[in-house]
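Remarks on the structure that follows.
The values are calculated or read from the model by the stated rules, or taken from the named source; none is laboratory data. Here the structure is a predicted model, which is why all the values come from computation and not from measurement. Here the Cβ positions follow ideal geometry from the backbone for every residue, glycine too, while neighbour counts run over all protein chains shown. In case anyone asks, the SASA skips ligands and DNA or RNA and just uses the protein heavy atoms, side chains included. Shrake-Rupley method; radii C 1.70, N 1.55, O 1.52, S 1.80 Å.
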Amino acid sequence: MRLTPSQSTIISGFSVALLALLFAGLSGLYQLSQINRQQQLISDEYLHKHHLVTVMLSASRERAINLTLMSNLDDPFERDDQFMAYHTNGARFASAREELLALPLEPEERELLRRQGEVVAEGLGSQLRSIELIGEARMSEARELLVVEAIPTQQRVFALLQRLADTQRELYQRHSESVAVEQWRRYLIIFGLLGAVAFIVALLALSRVLRGIDRTERELFEANERFNLAMRGANDGLWDWDIRSDSVYYSPRWKSMLGFGEHELDDTPETWEYLIHPDDRPRAEADIQAHLEGRTPHYENLQRMLHKDGEYRWHLERGIAVRDEQGRPYRMVGTNSDITARKSAEDALFEEKERAQVTLHSIGDAVITTDHEGRITYLNPTAERLCGWHMEEARQRPLETICELVDDEKHQPLENPLRDCLDKGRMAKLSCDTELRNRDGEFKAITASAAPIRSRGGAVLGAIMVLR
């Protein structure tokens, strides 16, 4: 059948439109693949850098732990093991840093690495000196040097490395946004040039493509938001509340913390309302509402949550709202931390402290405690009466101004055993007859002994003196 000129024109035009659409589609797919490849390269580079910074952080922490253990171990073989681990971690740190410096870095990253290098060089001397003191069995001096110089310097290194990790995350987000903008720009150019030719046919296809891209980017944006917000919290149960649809995502970890399987709880707000203790719910809801209204920078609440075994567990719940350009919240993401054990320990510690306070208040001996500089931190009632000072008046005063010890014959000043105890880190007592001159100038015969108060690591935190 012969085609009429009009039919030929329509078919030719339609063919041209289809070819233009096909070309536009292929060009678009090619550009999208290039953008995705660029995005993947940026992501791979960020992950590589982040891995190296994580190695540096880990090695730096391990070195600090090695030094601390070396100063507290009595077994020379165990100290040697820690010494070898110290150098191994140092090699790990240096290797990761050199590899990081060899990568393409932004000026902000190089500046932070330069400052980190200066701090490491600054603290290396105190670390090496600590190792020398340990080798000479001068443990107390080594520990003091670690506490005063080495460990604070190491903490500065930690802070700079953490800032470097945060900077890398910000640069990654900036580059990712730039790539996304470039992706849109290229699409507009391609479809703008070919749209006049393929308008009728391409319009429907373009609409579908744009809807698909919008949906994909929205899902990717929400996933990135969820990841970034979760990174701010601890590695605990994650929840994600979509305020517009009133649906909640509870992570498998969130459910398992309460003894439930992944599919045993519904992803709805009613699940949380059912599990929270009735007495804690009003306060939690009020705190959430205050945050959604912008009256607090973030949401945080301590509450009890019902476990599958029927018991309540103490949870620390934190969250932050995501807002649109008008400041209206449309999402809220947060974490739950099970702090039952810590809460029990705090309660037990409080009870133990109360018992100790009652005991010190009720005994007949005078009890005085000081910090590591010999400044008063506590007087029990007997000590207040003996010395003539009230607790609030005596706090932070030097020991000698509160408790003046003299010999019983000529009333010449004697060295306070507590001061000797702080200097030598061991028990001390007066070996001669002693009197105490109180605030009113009266002399009272006493015996005095003192013992150091140590931290878990063995450092002297202060001392306690008993007067009878």
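Look at region 290-316 and say how many of its residues are under 21 Å from residue 261 (Cβ atoms) and in a strand (DSSP E or B).
5
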Selection from region 121-143 of residues that are touching a residue at least 12 places away in the same chain (Cβ under 8 Å), of a type in the set (D, E, K, R) and open to solvent by 70 Å² or more (accessible area, probe 1.4 Å): 122, 129
Flag if residue 463 is closer than 30 Å to residue 73 by Cβ, touching a helix residue (DSSP H, G or I) at 6+ places or on another chain (Cβ under 6 Å) and hydrophobic (A, V, I, L, M, F, W, C): yes
Residues of region 145-177 classified as closer than 17 Å to residue 69 by Cβ and either β-branched (Val, Ile, Thr) or in contact (Cβ under 8 Å) with a residue 24 or more places away in the chain (or both), total: 5
Search result, residues across region 144-159 that are crowded, with 19+ Cβ neighbours inside 10 Å and within 23 Å of residue 51 (Cβ to Cβ): 154, 157
Subset of region 323-337 (residues that are farther than 17 Å from residue 236 by Cα and buried (at least 16 other Cβ atoms within 10 Å of the Cβ)): 329, 331
Cβ pairs under 7 Å, 6+ apart, first in region 382-397 and closer than 20 Å to residue 365 by Cβ, second open to solvent by 90 Å² or more (accessible area, probe 1.4 Å): 384/390; 387/439; 388/439; 388/440; 389/439
Every residue from region 302-321 that is basic (Lys, Arg) and out of contact with any helix residue (DSSP H, G or I) (no Cβ under 6 Å at 6 or more places or on another chain): 304, 308, 318
Of all residues in region 213-241 being surrounded by fewer than 15 Cβ atoms within 10 Å (Cβ to Cβ) and acidic (Asp, Glu), the one that is modelled with the lowest pLDDT: 225
